[in-house]
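Enquirer: Below are the structure tokens for one structure; questions will follow.
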Amino acid sequence: MSTEQQPPPPAVVPKDEPNALAAGLSTGWEQFKQGKIVSYPMMALFLVVVAGAGVTWWIVRERGRAESAKWVELDGVTSPTRLEEFAKAYPNTIQAKIAELEIARLQLGPDGIERLTATDPAVRKAAAESVEKARETFARLVDEFKDQPILRVECLLACAKSEAVLVGMPKEGQLSEFRGDPKKAIEWLDKVAEAAPETDWGKDAKKLADTLKNQTSKEQVINLQSSVYVMPTLPKIGGPKGPFDPQLPPDPFGGPIAP
């Protein structure tokens with residue numbers, strides 16, 4: 001027998017035991033794919049819901065970006081022509097309605113009331129027609145701004161002022177028919193008071209309307225035309241243009257908007 005020491009036998013390396021979590025997930029996924037955990041109809045419904053949620057999130061995000069872009073674009077538009085183009089480019093949007101409101105403000109103020117005292121008959125005629133266009137737009141926007149109470153009241157008041165300034169002004173070629181009606185002006189003032197009863201401008205509108213109701217037609221004409229520049233005005237509101245925090249421009253009826 002050899003006296004040399006024999007080398008020890010090689011160590012047996014134990015095999016790694018399977019990871020219970022990994023095995024469970026693998027088995028569960030296979031069963032899920034085979035419809036053993038959730039039926040195929042339920043699986044399809046689940047996938048549809050997940051896909052729908054993803055699409056909805058994407059649409060909402062993109063719409064938000066688009067809305068922001070519209071407000072930024074509108075903020076840089078000032079001329080009546082560009083405002084008209086903007087409104088046509090984005091029909092039935094709040095931004096388009098604001099653009100139309102800006103146009104009506106220009107028609108009633110700088111292009112209308114401020115030119116009615118011009119010595120040139122052609123300029124006065126164009127000014128009266130501009131006020132009529134503004135009156136039509138403001139009357140339509142009253143309903144369009146039903147969710148923006150401040151802008152809605154502005155439109156109601158602008159309708160009253162448009163009507164008042166046209167009272168006693170004969171229609172083209174009709175000496176016995178006038179462009180404005182005292183009764184309609186009073187109706188618009190009543191609507192201002194109804195829409196903002198607890199405000200100073202709502203109370204002032206009601207007071208003026210009640211006074212006019214107790215006057216003769218001639219007195220109404222005189223007082224309406226003289227009240228155009230002293231009718232209640234809306235308070236100035238700071239902030240960016242927008243559907244919830246509109247920035248009102250200088251009052252087109254004779255001065256900056258003040259409380």
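Any read-out appearing in this document is the output of simple, stated calculations on the displayed coordinates, not a laboratory observation. Quick caveat, the model's predicted, so the values are computed rather than measured. Positions of Cβ are generated from backbone atoms using ideal geometry, with glycine treated the same way; all protein chains shown enter the neighbour counts.
Enquirer: Given H placed on each backbone N at 1.01 Å, which residues far from GLY180 in sequence or on other chains put an amide H within less than 5 Å of it?
Expert: VAL167, GLY168, MET169
Enquirer: Give the relative contact order (percent, whole number) for region 69-227; include only Cα pairs under 8 Å separated by 6+ residues. Working shown, then result.
Expert: Working: 193 pairs, mean separation 21.5, N = 159.
The value is 14 percent.
Enquirer: Then there is this: Using the count of nearby Cβ atoms within 10 Å as a rough guide to exposure, how do PHE138, PHE178, PHE145 rank from fewest to most?
Expert: Final ranking by Cβ density, sparse to dense: PHE178, PHE145, PHE138.
Enquirer: Here's something else I'd like to know. Per the Debye formula with a single identical scatterer at each Cα and no solvent contribution, what log10 I(q)/I(0) holds for region 164-228 at q = 0.11, 0.16, 0.17 Å⁻¹?
Expert: The computed values of log10 I(q)/I(0) come out as -0.26, -0.52, -0.57.
Enquirer: May I pose another question? Once both labels are modelled 7 Å past Cα along the beta-carbon direction, what's the GLU85-TRP71 spacing in nm?
Expert: That separation, rounded to one decimal, is 2.4 nm.
Enquirer: Packing-wise, with mean Cβ within 10 Å as the measure, how do 97-103, 194-200, 165-171 rank, highest first?
Expert: Numbers: 97-103: 22.0, 194-200: 14.1, 165-171: 18.9.
By packing density, highest mean first, the sequence is 97-103, 165-171, 194-200.
Enquirer: At 20 °C and 1.002 mPa s, what whole-number value in µm²/s does Stokes-Einstein give for the translational diffusion of region 69-227, with Rh from the Kirkwood sum over Cα pairs? Please report the intermediate quantities before stating the final value.
Expert: Details: Rh = 16.5 Å.
After rounding, the answer is 130 µm²/s.
Enquirer: Percentage of Cα-Cα pair distances in region 101-185 greater than 20 Å, rounded to whole percent?
Expert: Values: 1130 of 3570 pairs.
The proportion of pairs with Cα distances above 20 Å equals 32 percent.
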